[in-house]
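Peer 1: Pasting a structure here, questions to come.
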Amino acid sequence: MEIWHPSEGINEAVIEACIKKVCFDYLEIMPAIISRIDPISMEEAIQAYSEEMDRWTV
């Protein structure tokens, strides 16, 4: 799933805001706590995201 966020960058706060938005819009719940199970590091996530964006950018 992909979601647009009006932020210029990506960080933990942006990720949590997007998760809350999807939960509210599609599941009709507002999570109080967001837990990560076996998360990758933020650096790895940003690298993977950047590579994916490069792949789709002309």
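The values are calculated or read from the model by the stated rules, or taken from the named source; none is laboratory data. Keep in mind the model is a prediction, meaning the values are calculated, not measured. Please note: Cβ atoms are built from the backbone with ideal geometry, for glycine as well, and neighbour counts cover all protein chains shown. Note: areas computed on protein heavy atoms with side chains; ligands, DNA, RNA excluded. Shrake-Rupley method; radii C 1.70, N 1.55, O 1.52, S 1.80 Å.
Peer 1: Before I look further, what does the chain give for accessible area per residue, probe 1.4 Å, in whole square angstrom?
Peer 2: Working: 5370 Å² over 58 residues.
Per residue, the chain has 93 Å² of solvent-accessible surface.
Peer 1: How about region 1-43: which chymotrypsin sites (Phe, Trp or Tyr not before Pro) there are in a DSSP loop, with at most 14 other Cβ atoms within 10 Å of their Cβ?
Peer 2: Details: sites: Trp4, Phe24, Tyr26; in loops: Trp4.
Those satisfying the criteria are Trp4.
Peer 1: Here is a follow-up. Carbon and sulfur together cover what percent of the accessible area of the chain at a 1.4 Å probe radius?
Peer 2: Numbers: 3120 of 5370 Å².
Result for the chain: 58 percent of the exposed heavy-atom area is carbon or sulfur.
Peer 1: At 20 °C and 1.002 mPa s, grab the translational diffusion coefficient of the chain from Stokes-Einstein with a Kirkwood Rh over Cα pairs, rounded to a whole number in µm² per second. It would help to have the intermediate numbers written out before the result.
Peer 2: Details: Rh = 12.9 Å.
The Stokes-Einstein estimate is 166 µm²/s.
Peer 1: From the phi angles alone, apply the Karplus equation (6.51, -1.76, 1.60; θ = phi - 60°) to region 45-53 and give each ³J(HN,Hα) in whole Hz, x where the residue is Gly or Pro.
Peer 2: Each residue's phi maps through the Karplus curve to give 5, 5, 4, 4, 4, 4, 5, 5, 5 Hz.
Peer 1: What size of dipole, in debye to the nearest 20, comes out for the chain about its Cα centre when the only charges are +1 on Lys and Arg C-beta atoms and -1 on Asp and Glu C-beta atoms?
Peer 2: Working: 4 positive and 12 negative charges, 43 e Å.
Computed about the Cα centre, the dipole is about 200 debye.
Peer 1: Arranged from highest to lowest average of other beta-carbon atoms within 10 Å per residue, in what order do the peptides 28-35, 14-21 appear? Could you put the intermediate results ahead of the total?
Peer 2: Working: 28-35: 8.1, 14-21: 14.6.
Descending mean neighbour count gives 14-21, 28-35.
Peer 1: Follow-up question, since we're still on this one. Helix 12-22 versus the longest principal axis of the chain: what angle, 0 to 90°, nearest 10, using Cα atoms?
Peer 2: 60
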